[in-house]
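Structure first, then comments.
The values are calculated or read from the model by the stated rules, or taken from the named source; none is laboratory data. Quantities reported herein were computed from a predicted structural model and do not represent experimental measurements. Positions of Cβ are backbone-derived with ideal geometry, glycine not excepted, and every protein chain shown enters the neighbour counts. Note: areas computed on protein heavy atoms with side chains; ligands, DNA, RNA excluded. Shrake-Rupley method; radii C 1.70, N 1.55, O 1.52, S 1.80 Å.
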Amino acid sequence: MFTGIVAAVGNIATVTPLPGGHDAGVRLVIDAGGLPLADVALGDSIAINGACMTVVEKTADSFAVDVSRESLNCTAGLDSVGEVNLEKALTLHERLGGHLVSGHVDGLGIVRKFEPVGESWELVVEAPAALGKYLAFKGSIVVNGVSLTVNRVEDVADGCRFSINLIPHTIQVTTLKHLKVGGKVNLEIDLIARYVERMLSVGKDVQG
């Protein structure tokens, strides 16, 4: 589990195809930036742009993960060199500063607006229609591994658009500063919303 509070901005240094041809995944070597790795062991989980990955190699200041083709097809930002948001798995003695995050990307959103508003920035993302029912005013959403609060929700023809206010601190300490209109972002819906939707839907098909 994670919190969606980015601990450091790292950098994908190399992307190496794994054996197996086109259907195989890649191995990423990531410079950890300011993320301490002394307590990280092989097999531990680290969220990379919101996607939970397993450490398969480690040095004092870098680590490697293997990303399957399926994961590459379902995420953005894990197939090329560049900056990434990093967070180590949550331990029981740490503060839950964001919200409970599983590190499983539920879908890809498209940035529709990213503009400064006063000292902050307004981010508008269009989510797939299937995720729209999980988005609510003042609810939580994870964008590229960052726990954020939804300020506005609007259902549109092909999906659901939601607006977020990014304070200067979030811009400074995450990769969200690099977002571009039309670009894709990794989305994870709120864990509680997922279970509420499931509980409300149980039995509907049988009754119908």
> In segment 141-170, what count of residues is obtained for those that are aliphatic (A, V, I, L, M) and loosely packed, with under 12 Cβ neighbours inside 10 Å?
Replying inline: 2
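Scan segment 2-20 residue by residue and report those that are assigned to a loop (DSSP other than H, G, I, E, B), in contact (Cβ under 8 Å) with a residue 12 or more places away in the chain and under 15 Å from S71 (Cβ atoms).
L18
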>> As an exercise: evaluate D23 against (1) of a type outside the set (G, A, S); (2) closer than 24 Å to K177 by Cα; (3) touching a residue at least 40 places away in the same chain (Cβ under 8 Å) and give the number of the one condition it does not meet.
In response: (2)
> Can you name every residue in segment 70-117 that is surrounded by fewer than 17 Cβ atoms within 10 Å (Cβ to Cβ), of a type in the set (S, T, N, Q) and not in a helix (DSSP H, G or I)?
Replying inline: S80, T91, S102
> Right, K138: in a helix (DSSP H, G or I) and open to solvent by 20 Å² or more (accessible area, probe 1.4 Å) or not?
Replying inline: no
> Restricting the search to segment 37-96, which residues are touching a strand residue (DSSP E or B) at 6+ places or on another chain (Cβ under 7 Å), among the β-branched types (V, I, T) and without any contact (Cβ under 8 Å) to a residue 40 or more places away in the chain?
Replying inline: T54, V55, V56, V65
> Scanning for something modelled with pLDDT under 95 and closer than 23 Å to H169 by Cα, does segment 18-28 turn up at least one residue?
Replying inline: no
